[in-house]
Amino acid sequence: MYRIIWSPWRYEYIKELSKERECLFCKLPRMSDDEAFIVYRGEYSYIVLNTYPYNSGHVMIAPYRHIGLIEELNDREIDEMMKFVKKIVVVMKKAFNPDGFNIGINIGKAAGAGVEDHIHIHVVPRWTGDSNFLPVASSYKSLPIALTETYKLLKKVWNSIEER
């Protein structure tokens with residue numbers, strides 16, 4: 001048997017998705033980096049800060065092409081996206097000193113994909129003790145750093161690290 005942990009703050013995100021007529025991941029690259037919180041733009045994909053994060057620093061890596069399945073990614077897209085996963089982990093270690101990471105892809109509604117038709121990789125920094133009673137008991141999630149500050153810090157550290 002499993003226990004359910006409620007995340008009611010995520011409902012605001014889900015409500016906004018149902019209002020969206022255009023794909024979020026297709027819309028974001030047409031916005032300015034600062035407006036969309038785009039940390040980095042590659043040739044085939046980009047890294048964007050999640051504005052409804054599970055934790056501070058939560059980013060998503062998405063291809064520019066509107067595709068929903070991993071098998072539809074071409075080799076150039078998947079290679080670049082995985083290189084971005086590797087580098088953003090290095091960036092987050094330097095910027096936030098997390099104790100670990102959740103890295104994953106939710107494919108399809110049944111798997112928890114909030115945006116089903118545009119594949120993306122989540123990279124979430126984690127700290128020991130970051131899952132506590134507050135979200136469950138009071139419907140609040142405490143994020144210790146503002147989105148704008150998180151964005152500026154990630155972008156600054158990203159730009160300071162040489163290609164590996």
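Checking the Cα-Cα distances for LYS83/LYS156; LYS27/LYS152; LYS27/LYS93 against a 26 Å cut-off, the pairs over it are LYS27/LYS93.
Would you mind classifying the range 56-99 by shape? Square roots of the alpha carbon gyration tensor eigenvalues, ordered a ≥ b ≥ c; an a/c under 1.5 is rounded, otherwise it is prolate if a/b is larger than b/c and oblate if not.
Details: a/c = 3.48, a/b = 2.28, b/c = 1.53.
Note, shape of the range 56-99 comes out prolate.
Here the spin labels are modelled as points 7 Å beyond Cα on the Cα-Cβ line, and at SER160 and GLU71 they lie 4.4 nm apart. Averaging the Cα positions of each part gives two centres, and for the range 89-107 and the range 63-84 these lie 19 Å apart.
Just to verify a number: FRET efficiency for GLU43 and ILE145, C-beta to C-beta distance, R0 = 30 Å, to 0.05? Walk me through the intermediate numbers first.
On the way: r = 30 Å, r/R0 = 0.99.
Computed FRET efficiency for GLU43 and ILE145: 0.50.
With R₀ set to 25 Å, the beta-carbon distance separating THR128 from VAL90 gives a calculated FRET efficiency near 0.80.
In plain terms, the chain from ARG30 to LYS83 could stretch by 16.8 nm, reckoned as 0.36 nm per residue minus the Cα-Cα distance. Annotation: for a label point projected 7 angstrom from Cα along Cα→Cβ of THR51, no residues of the range 93-112 have a backbone N closer than 13 Å. Given a 1.4 Å probe and the protein chains as shown, ASP34 ends up with an accessible area of around 100 Å². Here the range 40-90 has 55 percent of its accessible surface on carbon and sulfur atoms, given a 1.4 Å probe and all protein chains in place.
The values are calculated or read from the model by the stated rules, or taken from the named source; none is laboratory data. Please read these numbers as outputs of a predicted model, since none were measured by experiment. Positions of Cβ are generated from backbone atoms using ideal geometry, with glycine treated the same way; all protein chains shown enter the neighbour counts. Keep in mind that these areas ignore ligands, DNA and RNA; they rest on the heavy atoms of the full protein, side chains included. Shrake-Rupley method; radii C 1.70, N 1.55, O 1.52, S 1.80 Å.
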